[in-house]
Amino acid sequence: MQSVARQQTHQNAGRYAVFFVCAVLACVWQAQAQPVSRFALSADLAMPASASVVRMSVPTEVLAGMHSLQGDDLRLVNGVDAMLPFAITAELGAVQAPAPTQVLRGYRIEAPAALAQQTPSLRIIENDGRRLVELGASESAQPQQRLRGLLFDTRAVDKPVQSIEIRGELPRNELLQVTLMGSRDLKDWYPVAQPQPLFQFDDEGPGNSRIRLNASLSLKGQYLRLSWADSVQFPEVDLALEFEAETAAREPDYWPLGQAVKQGDTFAEWLLPAGYAVQGLRLQSRTANSLLPVRILTRERDEQPWRMVGNTVVYSLPAQADEANGAAQPQSNAALAVAHALSRQLRIEVDQGFSLAHNPIEAGLEYTPMQVVFVASGPGPFRLLAGADAVPPMRLPLTTVMPGYQPGMEHRLPEAQVLAVSQVVQPEAPSAGFVSRWLNQKLLLWGILILAVCVLAAIALSVLRTSQAERESGKPRS
């Protein structure tokens, strides 16, 4: 019986040890669950009204403050600090320009009014004592011309048309059913779009002046005819063709590095922001009429040797008149593309025979612009967070955030504005010494795991020793 009691005691101790280890591991796991306080940067968002899926441009200050090459430490949270699903748009370096349009003036298509031909007239003619009574059509009752449609010459339109808008004063509070047809020879016609109603209810009421197309429309070498029912009094209108929006290259975001931390006659050193991938390094001379050949070096820490990543010429030369417009264009060097080669420390050295003493230079980083699309779920206010170490990425594919995604849809989303970016007060670090150097979350987690293994091994060894002692003494095990 004592043996059974000892085994039961060992089993209970094992269970308590397992529960204790699991509880501590859960606490450590929660400590690593990305609380808001782990992120160094925070910015409130001004949200558009009644928006569920929103786009937003990430400020340059946030790009410079991220700790990951790919922006893995970017987060969006709501008013209860819940992480929101978001995606980074595919066209990071592009901006959507307004869709170009072309307005066409229509040619009148007229036909006689139907009722004018049925109006009789009575005429009496007297000549040489003779009187003649004639029943027929009078001059005022001759057939009158009435607007039956409008013809638009679209033969020179060489871009695909995305939508068509009717521009003109429509009658108020009426449903005007119109038909749009196309033709190459003005003989054979085909429907361009299904018959659709146009309307305008009062000045501030709902209205529709756009003809919806099922697909992009090619009109080169063709005509368009806008027509309506005979009973409708339709005004003369213009046709506005809207083409696909153009995507133009967007200027990179620029982040100046400020004053150099170390500077001599032949070199200057800066500390770079940690993390996000740099697109280019911009070096500018602050002295007019100057030219300096320089070498670019970088390293991660002070104890490492400098590593050369490129060389260029920094210059600021007199302006020259542009023959095209006559304007004077100053000459300066372009930014140097550096891909992802820069580490935390940057050093600029001038070639032998040149000096920075009277020719100081400014340094700055260029970042690829970033736009995100996120789902604004939960209560506000909504915030943008960035600047945390060792956090996994949370971005999703754009097709997940926007079901039924089609290229360009993200540019039509309402846009949230980023307010001032602020630094988050980080928790106080432990005091210097052994604890601050070794007692971090990773070592604590490994220590708990090792301790748990040792405790379980000790319990198992104790049970084995007890069983062996019982067998040697000849006592039964139960």
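Here the simple spin-label model places points 7 Å from the Cα toward Cβ, and for M308 and A215 these points are separated by 5.8 nm. Surface analysis of region 146-200 yields an accessible area of 54 Å² per residue, using protein heavy atoms and a 1.4 Å probe.
Counting Lys +1, Arg +1, Asp -1, Glu -1, what net charge surrounds F374 among other residues with beta carbon under 12 Å of its beta carbon?
Numbers: positive: R55, R75, R383, R395; negative: E410, E415.
Result for the neighbourhood of F374: +2.
Full extension of the chain between D81 and S355 gives 93.4 nm of extra length, using 0.36 nm per residue less the Cα-Cα distance. Using only side-chain charges placed at the Cβ, +1 for Lys and Arg and -1 for Asp and Glu, the dipole size of region 255-308 relative to its Cα centre rounds to 160 debye.
Take the Cβ-Cβ distance between Y405 and V36 as r, set R0 to 22 Å, and report the resulting FRET efficiency rounded to the nearest 0.05. Please report the intermediate quantities before stating the final value.
On the way: r = 30 Å, r/R0 = 1.35.
That pair, Y405 with V36, gives E of 0.15.
Projected label points at E362 and Q145, each 7 Å from Cα along the beta carbon direction, are separated by 6.7 nanometres.
Report the net charge of residues surrounding S343, where surrounding means a beta-carbon distance below 9 angstrom and charges are Lys +1, Arg +1, Asp -1, Glu -1.
+3
On the beta carbon distance between W189 and S52, with R0 = 41 Å, the FRET formula returns roughly 0.45.
For every other residue with a beta carbon closer than 13 angstrom to the beta carbon of S42, add +1 if it is Lys or Arg and -1 if Asp or Glu, then tell me the sum.
On the way: positive: R38, R75, R383; negative: D44, E61, D73, D81.
So the environment of S42 carries a net charge of -1.
Spin-label model, E236/I448: points 7 Å from Cα along the beta carbon direction are separated by 8.2 nm.
Computed in the context of the full set of protein chains, the accessible area of region 157-224 at 1.4 Å probe radius has 48% of its extent on carbon or sulfur.
If the segment from Y107 to T287 were pulled out straight at 0.36 nm per residue, it would be longer than the present Cα-Cα gap by 58.5 nm. Within region 180-213, whose backbone N sits under 11 Å from a point 7 Å along Cα→Cβ of R172? Inside the label zone: 201-205. At most 12 other Cβ atoms within 10 Å and a DSSP loop assignment: could you name the GluC sites (Glu not before Pro) in region 245-311 that fit? Here the GluC sites (Glu not before Pro) that fit, given the DSSP loop and packing criteria, are E246, E300, E303. Of Y223, L291, V237, which is farthest towards the positive pole of region 208-302's charge dipole, taken about the Cα centre with +1 and -1 on the beta-carbons of Lys, Arg and Asp, Glu respectively? Selected residue: L291.
The values are calculated or read from the model by the stated rules, or taken from the named source; none is laboratory data. Worth saying up front: this structure is predicted, and the values here are computed from it rather than measured. FYI the Cβ positions are ideal-geometry reconstructions off the backbone, even for glycines, and counts take in every protein chain you see. Heavy atoms of the whole protein, side chains included, go into the accessibility calculation; ligands, DNA and RNA do not. Shrake-Rupley method; radii C 1.70, N 1.55, O 1.52, S 1.80 Å.
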